[in-house]
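The structure under discussion appears below in the form of structure tokens.
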Amino acid sequence: MADLSSEFVGIKSPNPFWLASAPPTDKEYNVRRAFEAGWGGVVWKTLGEDGPPIVNVNGPRYGAIHGADRRLLGLNNIELITDRPLETNLEEISRVKSDFPDRAVVVSLMVPCEEAAWKAILPRVAETGADGIELNFGCPHGMAERGMGSAVGQVPEYIEMVTRWCKENYDRPVIVKLTPNITDIRRPAMAARNGGADAVSLINTLNSITSVNLDSFAPEPTIDGKGSHGGYCGPAVKPIALSMVSEIARNPQTANLPISGIGGVTTWRDAAEFLALGAGNVQVCTAAMTYGFKVVQELISGLSQWMDEKGHSSVGGLVGRAVANCSDWQHLNLNYVTKARIDQDACIKCGRCYAACEDTSHQAITMSQDRVFEVQDDECVACNMCINTCPVEGCMSMEQLAPGTVDKRTGMRVSAEYGNWTTHPNNPSVQAAE
Amino acid sequence: MPNSPFTPGIAAGRLSEAELAGNFTDLHSPLDAHQATVAADRCYFCFNAPCVTACPTSIDIPLFIRQIATGTARAAARTIFDQNILGGMCARVCPTETLCEEVCVRQTAEGQPVEIGRLQRFATDLGMANGHPFDQAPATGKHVAIVGAGPAGLACAHRLAMRGHEVTVFDAHDKPGGLNEFGIASYKSVGGFAQAEIAWLLGIGGVNLRQGQALGHDVTLAALQADHDAVFLGMGLAGVNALRADGADRENVLDAVGFISELRQAEDISSLAVGRNVVVIGGGMTAVDAAVQSRLLGAENVTMVYRRGRDRMAASRFEQDLAASRGVRIVTDAQPVAVHGNGAVREVEFGYTRTGADGLEGTGETFRLAADQVFLAIGQRLEGAPDALALQDGKIRVDENGATSVVGVWAGGDCADGGDDLTVTAVAEGRDAAEAIHRALG
Ligand SMILES: Cc1cc2nc3c(=O)[nH]c(=O)nc-3n(C[C@H](O)[C@H](O)[C@H](O)COP(=O)(O)OP(=O)(O)OC[C@H]3O[C@@H](n4cnc5c(N)ncnc54)[C@H](O)[C@@H]3O)c2cc1C
Ligand SMILES: Cc1cc2nc3c(=O)[nH]c(=O)nc-3n(C[C@H](O)[C@H](O)[C@H](O)COP(=O)(O)O)c2cc1C
Ligand code: SF4
């Protein structure tokens, strides 16, 4: 039986699945039920400074993108940080942590960009016995307008400064949560590291408008005729999050910085992918909001089954396993030639591959009178679109042409040598160097 | 000339070997991996899902379906077996249309439930191919006797073994399984599944089966109590109700359960004889199974006669439609008044019924059906229960934990009062009694 126990920046939890800072972690009632359901840890919903609590809108705060069958693919929110009193949250955090000593309890924080504000809240958080803090430099709406959240996360100097304040005034792990609403995720990650962060977590939500009401001509969700952009999360953002995680894991300057992977984790497989790309654990929000706390049971059973099947004995052993295989385009082997293949026995003759190839560009699939679809190797560029559109899993596949065989499309023999763009004869910079 | 459906009287081989083989294959064919993924994708992962409440063993259905959808069918099987160790048989025989699938929210929304039964079969088939998933707890030194190796007894035995107790099962038959082996319709459990499932279940270890040991003949309750720390009775309903009508003792007026059992045990179905005209009396699952299987064996005319209206039939709508689709004629609101014939049955005379002030009464109008064979499916009853036990409505009285009126003796399944007479209910009661016994043995 695979060992799912996890240790992230010294914080232990029975599994690598934490709930991200968000409504599911906004109060004791929720967090207790989450722990009872099996979650390994939580990042408590972001706390703000003492004083009158935050107010939220009183109309709809979420919008969603659905796939077929109303499966929720993307979620947008304009919720702010916790709207409950600081003291209440702190009391609840202490109680939950002492009742669940084996679970991770990390407290998310967002206070104004002034040292005094941080110095005021940090000792109070320390008193709760929580395992660490997460700095919310990511929230892209509302709080950002007040100079917090992503307004800090978009300025590396601020990240470094605030992180340093926290490291100086708090003695447990400090995790910096990054916003994806920037152009190069490596910059804020480096700033966090320079400030002394123990880890980064990413991604927070992406600026988004999910839909526009075509009767009122207002963005949705609509508050009294107006809408503002919100933060996007859920399955739709996973590819963006995976890429950003990999960028930080690959960057030599941040390669050893622990990462908590967030963004669209919905099944055990998503979690395993984040781990492989360098995340030490994962955080989940939308899947828990969509399906309830019980999804963690599938995350746990699925990850253990897969680890058992593949002989992976520990979560730690999986972390970063795919990082070395993340490459730049220019280093991909251009002598690796494949062709699409159709298993005629599995084919249900829907013709989707034909439409895709015919209209995508390549015209490499032919269709006979009796709906037999065949790949023409002299046209197939191996783009993969046919396979992506085929509804029958395993019906279509890519077959590698053995070195020495002739690629009918180019008329050239497939070379056994590795050869990439940097050495390709068509590359002007290669010729210039000659 | 070979026999055909039109051969008069009772005859074997009315259909060709190929036709018979086709007739007795799986009623619900197994899903392949792709079909299972598509079917699983329809589940909404409902909160406190109604299907789980409807399942007598409370399998976490949304979770196991999500596990199938995410490509981990072995984990799905584990989720099922945690609650129902005979999840494989239940996937085949549960009347899902009146249990989990009936309350599926997609049944409500579209009249088309998630195919829970077939998905359960998909997961359990894969899971069982992977060996036995549970281990015995360290031995407690306690020894429990179980009477009956049907679903109730087997589920109880397995859960007790898991908890570290030694178990001996005493069963009257020469083969274990109870109605899983002798009662369930052939087309629901094909390919020797019942015995294969028992062999897999026994993989837990610590369970000894002793066949040919009937309580009341070979062993007594007192002796079992003396030699064991607790006793569980899962002896089913060994008796059949008799027909009270003139001429009921004529030849070829048979008990439906016996006919079905013969069919289940037949090495060669083409050697089984069936009448050209068959009349089945009863309105439950047993009646449907006897009627349908008579048709599948090649009987020309099969009529199922039930004394009340369709809505009162114990057989589900799906079962009724299954019977109709196999060419069984269903006659309702009629009860047998006499069996006519000269030695053997030739005709059955029925009287129409209606509900009067004092319950069911005859209208006075009668009709006759030609019959070479009559199968009685008018209910089974408890037989051979030890006298010491208090009864309730003709069954062994039990409390919510399955404890009987005698200290140290538990009961569950068909022989115990309460719950529907279904395989899945027997499993639930056997399992829960095992937990109660475990608590009592402390
Ligand atoms: C024809 C028929 C078809 C059915 N079809 C379905 C169906 O499709 N789906 C469904 O859910 N349910 C069906 N049922 C009901 C289901 O089979 C029963 O509810 C279930 O088998 C009850 O399990 P059990 O363990 O209580 O008893 P049984 O399965 O009856 O097992 C009792 C066991 O006890 C043994 N025994 C009996 N007396 C003694 C004794 N004195 N000493 C020792 N051992 C003894 C027997 O040999 C037997 O092995 C059907 C029933 C019948 C009769
Ligand atoms: C309604 C809602 C409120 C959120 N509030 C916070 C918050 O207070 N602090 C924070 O750091 N992130 C917040 N997030 C972002 C999530 O923690 C998480 O980073 C993001 O949703 C991506 O993960 P997911 O795809 O699993 O949902 C919120 C997300 C949602 C949907
Ligand atoms: S989810 Fe709850 S709080 Fe939100 S709109 Fe519905 S009922 Fe109101």
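The values are calculated or read from the model by the stated rules, or taken from the named source; none is laboratory data. Remember, it's a predicted structure, so these values are computed and weren't measured experimentally. Every residue, glycine among them, receives a Cβ derived from its backbone with ideal geometry; neighbour counts consider all protein chains shown. Protein only, heavy atoms only, side chains kept; ligands, DNA and RNA dropped before computing areas. Shrake-Rupley method; radii C 1.70, N 1.55, O 1.52, S 1.80 Å.
By the rule of a C-alpha distance below 12 Å, with chain neighbours fewer than 8 residues away ignored, the aspartates and glutamates paired with residue A:238 are A:270, A:273. For segment A:38-131, taking the reciprocal of the average inverse distance between every pair of different Cα atoms yields a Kirkwood hydrodynamic radius of 15.3 Å.
Once you reduce segment B:1-61 and segment A:314-391 to the center of their Cα atoms, the two points are 37 Å from each other. For the peptide A:287-294, the mean number of other protein chain Cβ atoms found within 10 angstrom of a residue's Cβ is 3. This model, with +1 at the C-beta of Lys and Arg and -1 at the C-beta of Asp and Glu, gives segment B:33-129 a dipole about its Cα centre of some 240 debye. Computed log10 I(q)/I(0) for segment B:240-376 at 0.11, 0.13, 0.21 Å⁻¹: -0.37, -0.52, -1.32, from the Debye equation with unit scatterers placed on every C-alpha and solvent omitted. Placing +1 on the Cβ of every Lys and Arg and -1 on the Cβ of every Asp and Glu, with nothing else charged, gives segment A:339-431 a dipole about its Cα centre of roughly 120 debye.
Filter the chymotrypsin sites (Phe, Trp or Tyr not before Pro) in segment B:13-60 to those in DSSP coil with at most 16 other Cβ atoms within 10 Å of their Cβ, and list the result. Could you put the intermediate results ahead of the total?
On the way: sites: B:24, B:44, B:45, B:47; in loops: B:24, B:44, B:45, B:47.
Filter output for segment B:13-60: B:47.
Comparing B:255, B:393, B:372 in a Gaussian network model of chain B, where Cα atoms under 10 Å apart are tied by springs, the biggest mean-square fluctuation is seen for B:393. Using the 1.4 Å probe convention, the accessible area of the protein assembly as shown works out to 43 Å² per residue with neighbouring protein chains retained.
Kindly flag which residue pairs out of A:12/A:177; A:310/A:339; A:12/A:294; A:294/B:188; A:349/B:188 have an alpha-carbon separation exceeding 26 Å in this structure. The answer is A:310/A:339; A:294/B:188; A:349/B:188. Converting phi to 3J(HN,Hα) with the Karplus coefficients 6.51, -1.76 and 1.60 and the offset θ = phi - 60°, segment B:162-170 yields 4, 7, x, 8, 8, 10, 10, 9, 9 Hz in sequence order, with x at every glycine or proline.
Quick one, what does Rg over Rh come out to for segment A:265-354 if you take C-alpha atoms and the Kirkwood Rh? Please list the in-between numbers first.
On the way: Rg = 18.1 Å, Rh = 16.3 Å.
Value, to two decimals: 1.11.
For peptide B:60-70, the mean count of partner chain Cβ atoms within 10 Å of a residue's Cβ comes to 4. Computed over segment B:139-256, the convex hull of the alpha-carbon atoms projects to a mean area of 9.1 nm². Legend: translational diffusion of segment A:339-431 by Stokes-Einstein, Rh = Kirkwood radius over C-alpha pairs, 4 °C, 1.567 mPa s; D = 88 µm²/s. For segment A:28-44, backbone phi angles converted through the Karplus equation (6.51, -1.76, 1.60; θ = phi - 60°) give residue-by-residue couplings of 3, 3, 5, 5, 4, 5, 5, 5, 4, 6, x, 4, x, x, 9, 10, 4 Hz, Gly and Pro being listed as x. Of all beta bridges that DSSP places with both ends in the protein assembly as shown, some 45 percent have antiparallel geometry. The C-alpha atoms of the protein assembly as shown occupy a region whose extents along the principal axes are 107, 72, 59 Å, arranged from largest to smallest.
Over the Cα atoms of chain A, the radius of gyration divided by the Kirkwood radius equals 1.03; this is the Rg/Rh ratio.
For chain B, the relative contact order works out to 18 percent when only alpha carbon pairs closer than 8 Å and six or more residues apart are counted. Under 5 Å between amide hydrogens, which residues at least 5 positions from residue B:422 or on another chain qualify, with H placed 1.01 Å from N in the peptide plane? Hits under the 5 Å cutoff: none. Phi-derived couplings, Karplus 6.51 cos²θ - 1.76 cosθ + 1.60 at θ = phi - 60°, listed residue by residue for segment B:71-83: x, 10, 5, 5, 5, 4, 4, 4, 4, 5, 5, 3, 9 Hz, with x used for Gly and Pro.
Find the sum over both chains of the accessible area lost when B and A are paired, probe 1.4 Å, and report it in Å² to the nearest 100. Let's see the in-between values first.
Working: alone 19030 and 20480 Å², together 37970 Å².
The summed interface area works out to 1500 Å².
List the residues, sorted by chain then number, that are 5 or more residues from residue A:213 or on another chain and whose placed amide H is less than 5 Å from its amide H. Residues meeting the criterion, in which the H sits 1.01 Å from N, are A:218, A:220.
Can you give the relative contact order of segment A:6-325 as a percent, counting alpha carbon pairs under 8 Å and 6+ residues apart? Please list the in-between numbers first.
On the way: 729 pairs, mean separation 57.2, N = 320.
Computed value for segment A:6-325: 18 percent relative contact order.
When chain B is treated as a Gaussian network with alpha carbon springs shorter than 10 Å, the biggest mean-square fluctuation among B:18, B:77, B:49 belongs to B:18. Heavy-atom accessible area with a 1.4 Å probe sorts B:34, B:132, largest first, into B:34, B:132.
What is the sum of charges, Lys and Arg at +1 and Asp and Glu at -1, for the other residues whose Cβ falls under 11 Å from the Cβ of residue B:207?
Working: positive: B:159, B:210; negative: B:166.
For residues surrounding residue B:207, the net value is +1.
For residue B:163, the residues whose modelled amide H falls within less than 5 Å of its own, excluding neighbours fewer than 5 places apart on the same chain, are B:137. The Rg/Rh ratio for chain B is 0.98, where Rg is the radius of gyration of the alpha carbons and Rh is the Kirkwood radius.
If you count the DSSP beta bridges with both ends in chain B, what percent of them are antiparallel, to the nearest 5? Within chain B, antiparallel bridges account for around 40 percent of the total. Shielding of peptide B:71-83 by partners, expressed as the average count of other chain Cβ atoms within 10 Å per residue Cβ, is 3.
Summarise the long-distance tail of P(r) for segment B:33-129 by giving the % of C-alpha pairs beyond 15 Å.
On the way: 2427 of 4656 pairs.
Of all Cα-Cα distances in segment B:33-129, 52 percent exceed 15 Å.
Measuring between their Cα centroids, segment A:60-104 and segment B:330-395 lie 63 Å from each other.
Residue ranges B:145-154, A:253-262 sort as B:145-154, A:253-262 when ordered by packing (mean number of other C-beta atoms within 10 Å per residue, highest first).
Which value at 222 nm does the protein assembly as shown reach when only helices count, each DSSP H run of 4 or more adding -39,500 (n - 2.57), with the total divided by all residues and rounded to the nearest 500 deg cm²/dmol?
Result for the protein assembly as shown: -9000 deg cm²/dmol, rounded to the nearest 500.
When the solvent-accessible area of the protein assembly as shown is split by element, carbon and sulfur atoms take up 49 percent of it, the probe being 1.4 Å.
The listed residues B:126, B:297, once ranked by accessible area (1.4 Å probe) with the largest placed first, stand as B:126, B:297.
Think of chain B as a dipole: +1 on every Lys or Arg Cβ, -1 on every Asp or Glu Cβ, centred on the Cα centre; then among B:241, B:286, B:116, B:116 lies furthest on the positive end.
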